[in-house]
1. As a test of reading the structure, rank H67, H95, H87 by solvent-accessible area (1.4 Å probe, protein chains only), most first.
2. What is the extension gain from I59 to T18, computed as 0.36 nm multiplied by their sequence separation minus the C-alpha to C-alpha distance, in nm to one decimal?
Amino acid sequence: MRTLVVLALLAVLVLAATSYESHESMESHEYLNPFLNRRRASDFIQGDTRLRGVNQERIRDRGKALHEHQRELCEDYYPCEMYAFRHGYPAAYKHYFGGRRRTK
């Protein structure tokens with residue numbers, strides 16, 4: 001009989017420990033509605049910042065010197081870059097992009 005009472009008390013304690021909901025779990029209110037609407041889902045993202053960064057990059061590109069544009073153009077074209085390692089970027093740009101246009 002004592003064993004039955006002890007087991008019943010133990011079962012009640014286990015049940016109470018597993019079914020307890022703390023205050024922290026009720027703060028999120030996710031148990032009521034786990035899905036967010038589209039507006040609330042993207043509230044933390046600032047849409048302007050990406051466009052602002054693109055605009056700033058364009059402004060920086062406009063402010064670069066002519067030789068810097070030429071060097072970047074040459075770096076993007078592999079044969080020009082290899083030529084530049086040997087003869088320098090001004091000579092490589094002049095060789096590949098200066099003068100008349102090459103068509104093949």
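The values are calculated or read from the model by the stated rules, or taken from the named source; none is laboratory data. What you see is a predicted model; the values in this text were computed from it and never measured. For the accessible areas, the whole protein counts, side chains as well, though only heavy atoms, and no ligand, DNA or RNA atoms are used. Shrake-Rupley method; radii C 1.70, N 1.55, O 1.52, S 1.80 Å.
1. On the way: H67 130, H95 75, H87 100 Å².
Heavy-atom accessible area, descending, gives H67, H87, H95.
2. Working: separation 41, 0.36 × 41 = 14.76 nm, distance 6.00 nm.
Separation in residues times 0.36 nm, less the Cα-Cα distance, equals 8.8 nm.
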